[in-house]
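Right, one structure below, let's go through it.
The values are calculated or read from the model by the stated rules, or taken from the named source; none is laboratory data. If you're wondering where the values come from, they're calculated on a predicted model, not measured in any experiment. In this analysis, Cβ positions are derived from the backbone assuming ideal geometry, glycine residues included, and neighbour counts consider all displayed protein chains. Each accessible area value is taken on the protein alone, full model and side chains, heavy atoms only, with ligands, DNA and RNA left out. Shrake-Rupley method; radii C 1.70, N 1.55, O 1.52, S 1.80 Å.
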Amino acid sequence: MRRALVLLAGAALILAACSTDTERVVVAAGTTVVDSGFIEGLIDEYPGDGNYSVVAASSREGFALADGGAADLVVSHLPEVEDAYVEANPDAWQEPVFESRVILVGPPGQTVARSGDDVVDGFSAVAAAGAPFVSRSDGSGTAAREHTIWELAAIDPAGQPWYIETGQGMGFTLQVTDQRDAFTLVEGGSFFAEASVLSLEEVPVTATPDQLLSNPYRLTLVDPSEAAEGRDLFTWMISDEGRAAMVKVNEQLYGRVVYEPSL
């Protein structure tokens, strides 16, 4: 078992510029799965050899690091960016790896967005009430999903006094949401990892189609011709052994499966 070194996105560029005696594999992963502890926990379960650094980066940032030679693997959840990267880099390996859910959260006891309503109706109710809504607005898959829901509601929240853009990751955005008694759209693992220190509550909304709230992640190996440690980790994560490790880490962190392994 190993401990994965967790870095900020900018630190990957410094790390990539430093020569070491031992090859280090850099995994750029969405801030949601880093903040929740899931990726670090999963790599700790990997039985192979190698030195691994986990870089917290939005999906767009992760592929920017890959383009700059500062990331070996990318864990992302933004299909248009993933598809474009593979189209431009056909030698890259890319596979579905796991799936979570995005959820709407808000102040305890709130009556603005009603449980059981469609998420688009929930967003519309927030806007109609002028209730505070906090957005990541950081190029992440979660932010892209939020913007899709606003578009379906035919609402442009940008510039509205109730719409707060952090430009930051999920952890910080949740803190601001909590402080402002606001609403936000959050990836489930990130919320459940922080729920005990937040006063926010999940608003159980539905979606049609259901894919509007599903949150599939893909794993991309940037250059399969490079270090064998990167290829081995990629192969393990999508194997039966890797999927079993995902279930184990889910149970350890959340007491249930939040990140469902892809089949």
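Using amide H atoms built in the peptide plane, which far-off residues or other-chain residues are under 5 Å from E99 H to H?
Answer set, sorted by chain and number: Y217, E260, S262.
For V27, V205, give me the order by solvent-accessible area with a 1.4 Å probe, most accessible first, ignoring ligands, DNA and RNA.
Working: V27 5, V205 25 Å².
Order by accessible area, largest first: V205, V27.
Given Cα pairs under 8 Å that are at least 6 residues apart, what percent is the relative contact order of the chain? Intermediate results must be reported in sequence, preceding the final value.
Values: 507 pairs, mean separation 71.7, N = 263.
Relative CO of the chain lands at 27 percent.
PRE reach from R114 (point 7 Å along Cα→Cβ): which of the stretch 160-191 fall under 15 Å by backbone N?
none
Evaluate the distance, in nm, between pseudo-label points positioned 7 Å from the Cα of D83 and of T148 along their respective Cα→Cβ axes.
That separation, rounded to one decimal, is 1.1 nm.
With the Cα gyration tensor of the stretch 134-211 giving a ≥ b ≥ c as the square roots of its eigenvalues, does the rule (a/c under 1.5 for rounded; else a/b larger than b/c for prolate; else oblate) give rounded, prolate or oblate?
oblate
Using the Karplus curve 6.51 cos²θ - 1.76 cosθ + 1.60 with θ = phi - 60°, what ³J(HN,Hα) values do you get for each residue of the stretch 252-262, in whole Hz, with x for Gly and Pro?
Once rounded to whole Hz, the list reads 5, 7, 10, x, 6, 8, 9, 9, 7, x, 6.
What percent do you get for the relative contact order of the stretch 26-134 when only Cα pairs under 8 Å and 6+ apart count? Can you show the working numbers first?
Values: 93 pairs, mean separation 24.6, N = 109.
Here the relative contact order equals 23 percent.
Grab the other residues whose beta carbon is less than 11 angstrom from that of S137, score K and R as +1, D and E as -1, and report the net.
Details: positive: R136; negative: D138, E146, E165.
Residues close to S137 contribute a combined charge of -2.
How large is the accessible surface per residue of the chain, computed with a 1.4 Å probe and reported in Å² as a whole number?
Numbers: 11660 Å² over 263 residues.
That works out to 44 Å² for each residue.
Can you work out ³J(HN,Hα) from phi for every residue in the stretch 159-173, in order, using Karplus 6.51 cos²θ - 1.76 cosθ + 1.60 and θ = phi - 60°, giving whole Hz and x for Gly and Pro?
Whole-Hz 3J(HN,Hα) from phi for the stretch 159-173: x, 6, x, 8, 9, 10, 10, 8, x, 10, x, 5, x, 5, 4.
For the full complex of protein chains and a 1.4 angstrom probe, list S137, S36 by accessible area with the highest value first.
S137, S36
Assuming a ≥ b ≥ c are the square roots of the Cα gyration tensor eigenvalues, decide whether the stretch 203-263 counts as rounded (a/c under 1.5), prolate (otherwise, with a/b larger than b/c) or oblate. Please report the intermediate quantities before stating the final value.
Values: a/c = 3.34, a/b = 1.67, b/c = 2.00.
The shape class here is oblate.
So how much slack lies between A195 and A129, counting 0.36 nm per residue of separation and subtracting their Cα-Cα distance, in nm? Before the final figure, lay out each step's value.
On the way: separation 66, 0.36 × 66 = 23.76 nm, distance 2.51 nm.
Length difference between fully extended and current span is 21.2 nm.
For the stretch 46-90, with all protein chains present and a 1.4 Å probe, just round the carbon and sulfur fraction of the accessible area to a whole percent. Please list the in-between numbers first.
Details: 830 of 1750 Å².
Roughly 47 percent of what the probe reaches on the stretch 46-90 is carbon or sulfur.
Pull up all non-local amide H partners of I238: gap of 5 or more, or a different chain, and H-to-H distance under 5 Å with H placed in the peptide plane.
none
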